[in-house]
């Protein structure tokens with residue numbers, strides 16, 4: 001439905017630029033690392049990487065730049081899977097130290113071709129960062145690992161500070177938005193297991209503009225709270241290419257603000273980031289720290305927990 005339709009003014013973003021952006025990109029290329037910022041053409045890459053108030057946020061994408069699944073909204077290449085790089089966990093930890101991040105976001109492609117879905121590799125990257133500096137806060141945006149509880153437990157045992165897994169859209173639209181191997185109940189089960197097995201904060205994200213109804217979004221918020229999700233984000237779906245899912249509608253900023261208020265006041269989420277250009281890791285560190293302060297905690301609480309868990 002979006003073909004030939006001009007994007008509204010609120011969806012315009014500046015192209016990435018600046019010395020900080022160039023420095024981070026050079027560091028990543030030197031270590032043959034990938035970011036979801038680049039692979040998924042995130043509209044916030046310039047803002048996050050070139051932030052003047054700190055080192056910014058880069059979301060590292062583990063286990064290659066090709067995914068075993070083919071979701072109709074996603075710009076990451078499908079197929080042609082390669083062997084895991086055993087040096088990647090150390091390389092990510094080195095890059096984090098060189099860039100100077102205090103808050104790190106890790107995500108990955110789906111690796112259904114691997115027996116454990118790549119969960120051990122993912123967990124080792126978390127540990128490598130924490131060994132290098134236990135005070136760094138780590139957020140992980142994990143696949144569903146086909147619902148394998150042992151794989152999910154490997155991530156929990158590595159003790160990141162936030163575990164995110166995206167449901168992406170309302171139950172009715174899981175297909176055609178997502179690959180058929182993903183589904184609503186499976187994603188909820190991942191989030192539910194993290195909540196029941198740990199005190200790690202949980203997070204998820206939904207795209208708007210793919211044909212969802214308001215009552216379905218409202219019901220989804222209830223389902224998420226039912227399984228203990230702490231944080232939710234809303235963003236506008238943008239079609240990466242003509243071969244991807246069409247945009248059903250461009251959602252007005254006022255609607256995003258309404259959903260933010262509903263999530264925080266009616267459903268009592270810890271916080272909700274909601275806006276046309278918001279993505280799952282948008283200002284993740286800044287918003288998480290602010291939420292901890294509102295809880296009467298501080299980033300140091302999480303860092304003390306990391307040190308107590310045995311960080312070097």
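Readers should treat all values here as calculations from the given coordinates under stated rules, not as data from a laboratory. This structure is a prediction, so every number in the text was calculated from the model and none was measured. Heads up, the Cβs are rebuilt from the backbone with ideal geometry, glycines too, and the neighbour counts pull from every protein chain shown.
For the reader, a short list of remarks on this structure follows.
- Cβ-Cβ FRET estimate between residue 218 and residue 287, R0 fixed at 22 Å, reported to 0.05: 0.45
- Extension gain (nm, one decimal) between residue 267 and residue 196, 0.36 nm per residue minus Cα-Cα: 23.7 nm
- Packing-based exposure ordering (other Cβ within 10 Å, fewest first) of 131, 69: 131, 69
- As a proxy for reagent exposure, 218, 103, 237, 184 were ordered by neighbouring Cβ count within 10 angstrom, fewest first; the result is 218, 184, 103, 237.
- Mean-position separation - Cα centroids, segment 108-165 and segment 234-286, in angstrom: 25 Å
- Overall Cα dimensions of segment 44-184, principal axis frame, Å, largest first: 40, 32, 27
- For residue 294 and residue 258, the difference between the fully extended length at 0.36 nm per residue and the C-alpha to C-alpha distance is 10.8 nm.
- Ranking of 96, 104 by count of other Cβ atoms within 10 Å, fewest first: 96, 104
- Cα gyration tensor category, rounded, prolate or oblate, for segment 118-240 with a/c compared to 1.5: prolate
- One decimal place: the segment residue 26-residue 87 gains 20.1 nm when fully extended, by the rule 0.36 nm per residue minus the C-alpha distance.
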